[in-house]
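Heads up: the structure comes next, in structure tokens.
The values are calculated or read from the model by the stated rules, or taken from the named source; none is laboratory data. Model, not experiment: these values are computed from the prediction. Using ideal geometry, Cβ is built from the backbone for each residue, glycine included, and neighbour counts are taken over all protein chains shown.
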Amino acid sequence: MSDPCSVDPIRHISELLNALDLRLTTMIDAADAKSILRDEALVLRIESVEKAISIAREAMTQRLEGMNEIRASMADQASTFATREALAAISDKVEDLRVMSGVTSGWKSGNEGLVRVAIQGIMLVLAAVMGVVISHFVLR
């Protein structure tokens, strides 16, 4: 057994300081490694959020483009519809034609009734054609 007094105190303190230095160096290295891992994890999170935002932006752009296409087609379709004023004018003209020709609603017996019904049908077709012409050319 060695005598405790025979140990060189300076050498003993030096060994303790070296061991302490090694421990501190290990702890600092571990903390640095942990910090690097945190930074890398943060970078990965930021990249994934940016990617998700990019995907959401593209999806929203496609959705809005589709909505704009539908809106444009509805506007095109609505431009071909007859207005209330045009329909009222056509209705008035049909009524005037019906009154002038003496056609009444319902069937009459014999050829006279068939002729009147045929005339009324022709007038309705002409009124519909006039409505299309008015709404297409005049009201634009």
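Numbers at a glance
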| item | result |
| --- | --- |
| For Ala118: the one exception among (1) at pLDDT 75 or above; (2) touching a Gly at 6+ places or on another chain (Cβ under 8 Å) | (2) |
| Sole exception among (1) out of contact with any helix residue (DSSP H, G or I) (no Cβ under 9 Å at 6 or more places or on another chain); (2) surrounded by 10 or more Cβ atoms within 10 Å (Cβ to Cβ); (3) under 30 Å from Val132 (Cα atoms) for His12, by number | (3) |
| Meets criteria (surrounded by fewer than 11 Cβ atoms within 10 Å (Cβ to Cβ) and under 30 Å from Val125 (Cα atoms)) for Ala89 | no |
| Residue in the stretch 41-49 that is farther than 30 Å from Val132 by Cα, without any contact (Cβ under 8 Å) to a residue 24 or more places away in the chain and among the charged types (D, E, K, R) present | yes |
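For (1) assigned to a loop (DSSP other than H, G, I, E, B); (2) over 31 Å from the mean Cα position of the chain (by Cα), each residue gets a yes or a no:
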residue: Arg23; (1), (2): no, yes
residue: Ser35; (1), (2): no, yes
residue: Leu44; (1), (2): no, no
residue: Glu47; (1), (2): no, no
residue: Ala59; (1), (2): no, no
residue: Glu65; (1), (2): no, no
residue: Ala78; (1), (2): no, no
residue: Phe81; (1), (2): yes, no
residue: Glu85; (1), (2): no, yes
